[in-house]
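The values are calculated or read from the model by the stated rules, or taken from the named source; none is laboratory data. Source: prediction; values computed, not measured. Virtual Cβ from ideal backbone geometry, glycine too; neighbours counted across all protein chains shown. For accessibility, only protein heavy atoms count, side chains too; no ligands or nucleic acids. Shrake-Rupley method; radii C 1.70, N 1.55, O 1.52, S 1.80 Å.
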Amino acid sequence: MNFYMTSGTSDFLQKLIEKHPKEHLILLEGQGKAIVLHETTGKSIFSLPKNYEVADAFGELQQKGYFVLYHLSIEGDRRELFKQKFLKVSGDTLKKDYSIISYRLLMPKKNSEHIIFISQWAGPASYEVWTKSAQYNAHFKSLFDVGASSVQKIFDGESYITTYSAYEVEK
C-alpha cells in the first residue's frame, strides 16, 4: 500500500480534497500547519508528495479525532531493525488497545525521509492515557524515546512528534 503526505494552507488543501472526491484523503490541522494524508494502491494525486510504504496498519484512517505523528530519524540497516521491533510488539499490544482508532507505520521510499508512525485517537486525553499506560511503558516508550538506552544507537538525527486534529470536511 502506498501512502502520501503533502502540506499547504487549509483552504488550498480543502480545495484539493473537493477536487478528488473518490480518493481517501484526510485533512489534518494543528500547530499552525495543515497536511493531507492519502492512502492508495495507486499513484499520488499530489504535485510534491512525501512517499511512503505502509509497513504496518490497523483500522481505517478517519476524518475525525486526534492524530499523533512520530517522525523518527533512522537510517540504513537500523530501519529494518526498528520495523521488526515495532511489528513484534504492535500485534500483541497496540492492535488490542480499545482506545486507538487506527495507526500506520510508514517507511519512507527515500532514505532522506523520517520513518513516520501515525496514530489516531478519539482525542488528546485518550492518547495521554495510552502514554501513561503499562503497555506503553513496557513496549513502546523505548521504541519512540531517543534517549532510551535500548534503541539509542538506532536514531541518527533529530526525531520529533507533531499533533493534529481532524475535523469534518466537505467533499
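A compact table of results
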{"quantity": "Residues with amide H under 5 Å from that of SER102, placed H, sequence gap 5 or more", "calculated": "GLN120"}
{"quantity": "Cα gyration tensor shape of the range 46-112, rounded if a/c is under 1.5, else prolate or oblate by comparing a/b with b/c", "calculated": "oblate"}
{"quantity": "Whether the range 92-149 is rounded, prolate or oblate, judged on the alpha carbon gyration tensor where a/c under 1.5 counts as rounded", "calculated": "oblate"}
{"quantity": "20 Å Cα-Cα threshold exceeded, pairs from LYS22/LYS109; LYS64/LYS85; LYS43/LYS83; LYS22/LYS64; LYS33/LYS64", "calculated": "LYS22/LYS109; LYS64/LYS85; LYS43/LYS83"}
{"quantity": "Shape of the range 3-99, Cα gyration tensor, a/c cut at 1.5", "calculated": "prolate"}
{"quantity": "Computed over the range 1-48, Cα set: Rg, Dmax in Å", "calculated": "10.2, 30"}
{"quantity": "Solvent-accessible heavy-atom area per residue, rounded to whole Å², over the chain at 1.4 Å", "calculated": "53 Å²"}
{"quantity": "Per-pair calculated FRET efficiency, R0 = 25 Å: HIS20 and ASP145 via Cβ, rounded to 0.05", "calculated": "0.10"}
{"quantity": "Sparse-neighbourhood loop sites, trypsin sites (Lys or Arg not before Pro) in the range 26-130 - DSSP loop, at most 15 other Cβ within 10 angstrom", "calculated": "LYS43, LYS64, LYS109, LYS110"}
{"quantity": "Relative contact order (%) - the chain, alpha-carbon pairs under 8 angstrom, separation at least six", "calculated": "30 percent"}
{"quantity": "Where GluC sites (Glu not before Pro) fall in DSSP loop in the range 3-74, at most 13 other Cβ within 10 Å", "calculated": "GLU60"}
{"quantity": "Extended-chain gain in nm, criterion 0.36 nm per residue less alpha-carbon gap, ASP92 and GLN63", "calculated": "7.8 nm"}
{"quantity": "Computed [θ] at 222 nm, deg cm²/dmol, the chain (DSSP H ≥ 4; -39,500 (n - 2.57); rounded to nearest 500)", "calculated": "-6000 deg cm²/dmol"}
{"quantity": "Where chymotrypsin sites (Phe, Trp or Tyr not before Pro) in DSSP loops with at most 16 other Cβ within 10 Å are excluded, longest remaining stretch of the chain", "calculated": "1-97"}
